[in-house]
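Following: one structure in structure tokens, then a few remarks.
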Amino acid sequence: MWNDSYRNIEIKNRDSKPEDLGGGVVVFKNAIDTDWNLLRALSEDLIQAEWSEMYKDAIDPETGKQVYENKSGYLFARDMINNMPKRAASVHMYEDKTINNIFNDIEKARDYFLLKYLEIFPLAYKCIWWKVKGHLLKYEPGVYLGSHSDISADYVYGNQEPIDQLALRNVVTTLIYFSNYEENYSGKEGGFSGGEHYFNYLDIEYKPRQGDIMFFPSNYMAAHEVREVTKGNRYTYLGWYSQGTPNSNVREYVADPIKDKEIAQHATNVYMPTLAADFKNYLIENGHSQFSDKYRVVSNSH
């Protein structure tokens, strides 16, 4: 999996201005720069490594058809799996320092542009306690993601404590795009066609470009879908900013980078102890006085 050239990957912030698309959906175009071919190659290696361990070939005992079986023993129809994006959800858990540093730098870029987003929607600041670090997704030709919101939890009456509740904590969703939408895909590396990001209730369609960072509310008003990719591969990095007291009964854990620095380094869910100070400094540096309404939002919280 490892290629020594990955050591040359550097993540650089650019001076990108927000483009408010409406409904809390904001895009910072060309927000980060890097060697995109190398970053996509690393992403591909990490995705394939997880994919190879996620499913194995199996036979459905009821139908006799070939299916996939995941680590928990659940069976999936092959066409179902083939229409789903492939993921690498453990990119922050690697002990390799190079991989760790690359994705830590991506996280720093994400946090920086969060401050710019909060400048537009400062009350969102009061809803953020911790973050879910990002993970990688790959949409191959024929792959799509149906309409959904990022706080969906398929509650069934009578089950008062369903296991998977983490999505309920999401406040702000972030996406960093690693590849380029092309109306007519030419076969150029890093390009794809189809795969538009569409917000159903807001009637917003976005055609991603590498280096773009998108922020939007995780709730149902920003319900969205990824339309079917027709050619090429669409790579993204997806994470959330969240709130709420973690519930150990449903396997929720959030690391404290001050108390548990080593654990937080590789944990997925991490508190943000400097967010208040960072946001205050950002506001002052960008011309907002300590008496401004935006600054008071932070001051009244601490």
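Among the criteria (1) closer than 28 Å to residue 99 by Cα; (2) touching a residue at least 60 places away in the same chain (Cβ under 8 Å); (3) aliphatic (A, V, I, L, M), the one residue 297 does not fulfil is (1).
Within the stretch 180-208, being surrounded by 16 or more Cβ atoms within 10 Å (Cβ to Cβ), in contact with a helix residue (DSSP H, G or I) (Cβ under 7 Å, 6 or more places away or on another chain) and farther than 30 Å from residue 153 by Cβ holds for one residue alone: 190. Taking the stretch 260-274 as the range and being out of contact with any strand residue (DSSP E or B) (no Cβ under 9 Å at 6 or more places or on another chain), at pLDDT 95 or above and not β-branched (Val, Ile, Thr) as the test, only 273 passes. Residue 55 meets each of the listed conditions (1) surrounded by 12 or more Cβ atoms within 10 Å (Cβ to Cβ); (2) at pLDDT below 95; (3) more than 25 Å from residue 150 (Cβ to Cβ) apart from (3).
Looking only at the stretch 132-155, decide whether some residue is without any contact (Cβ under 8 Å) to a residue 40 or more places away in the chain, assigned by TED's automatic domain parsing to the domain that holds residue 220 and either out of contact with any helix residue (DSSP H, G or I) (no Cβ under 8 Å at 6 or more places or on another chain) or surrounded by 19 or more Cβ atoms within 10 Å (Cβ to Cβ) (or both). Yes, some residue in the stretch 132-155 is without any contact (Cβ under 8 Å) to a residue 40 or more places away in the chain, assigned by TED's automatic domain parsing to the domain that holds residue 220 and either out of contact with any helix residue (DSSP H, G or I) (no Cβ under 8 Å at 6 or more places or on another chain) or surrounded by 19 or more Cβ atoms within 10 Å (Cβ to Cβ) (or both). Answer yes or no: is there a residue in the stretch 237-257 that is surrounded by 14 or more Cβ atoms within 10 Å (Cβ to Cβ), modelled with pLDDT under 95 and among the acidic types (Asp, Glu). Yes: one or more hits. The numbered conditions (1) modelled with pLDDT of 95 or more; (2) loosely packed, with under 11 Cβ neighbours inside 10 Å; (3) within 21 Å of residue 113 (Cα to Cα) are all true for residue 286 except (2). Only one of the listed residues (120, 106) is within 17 Å of the chain's Cα centre (by Cα) and either touching a residue at least 40 places away in the same chain (Cβ under 8 Å) or surrounded by 18 or more Cβ atoms within 10 Å (Cβ to Cβ) (or both). That residue is 106. Restricting 281, 233, 249 to residues that are over 16 Å from the mean Cα position of the chain (by Cα) and not assigned by TED's automatic domain parsing to the domain that holds residue 109 narrows the list to 281.
Take the residues of the stretch 258-283 that are of a type in the set (Gly, Ala, Ser) and without any contact (Cβ under 8 Å) to a residue 12 or more places away in the chain: which is surrounded by the most Cβ atoms within 10 Å (Cβ to Cβ)?
The first filter runs over the stretch 258-283 and keeps only residues of a type in the set (Gly, Ala, Ser), leaving 264, 267, 276-277.
With the extra rule that they be without any contact (Cβ under 8 Å) to a residue 12 or more places away in the chain, the set shrinks to 264, 277.
Working: 264: 19, 277: 11.
The selected residue is 264.
For the stretch 1-51, which residues satisfy the criterion of being assigned to a helix (DSSP H, G or I), within 30 Å of residue 223 (Cβ to Cβ) and touching a Phe, Trp or Tyr at 6+ places or on another chain (Cβ under 7 Å)?
Within the stretch 1-51, 36, 39, 40, 43 meet the criteria.
Residue-by-condition table, conditions (1) crowded, with 17+ Cβ neighbours inside 10 Å; (2) of a type in the set (Gly, Ala, Ser); (3) over 22 Å from residue 194 (Cα atoms):
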{"position": "23", "(1), (2), (3)": "no, yes, yes"}
{"position": "30", "(1), (2), (3)": "no, no, no"}
{"position": "40", "(1), (2), (3)": "yes, no, no"}
{"position": "65", "(1), (2), (3)": "no, no, yes"}
{"position": "77", "(1), (2), (3)": "no, yes, yes"}
{"position": "92", "(1), (2), (3)": "yes, no, yes"}
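Within the stretch 138-153, the residues that satisfy the criterion of being of a type outside the set (Ser, Thr, Tyr) and within 19 Å of residue 168 (Cβ to Cβ) are 148, 150, 151, 153.
Restrict the check to the stretch 198-208 and report whether at least one residue is in a loop (DSSP other than H, G, I, E, B), among the hydrophobic types (A, V, I, L, M, F, W, C) and over 19 Å from residue 29 (Cβ atoms). Within the stretch 198-208, none of the residues are in a loop (DSSP other than H, G, I, E, B), among the hydrophobic types (A, V, I, L, M, F, W, C) and over 19 Å from residue 29 (Cβ atoms).
The values are calculated or read from the model by the stated rules, or taken from the named source; none is laboratory data. Source: prediction; values computed, not measured. Cβ atoms come from the backbone with ideal geometry, glycine included; neighbour counts cover every protein chain shown.
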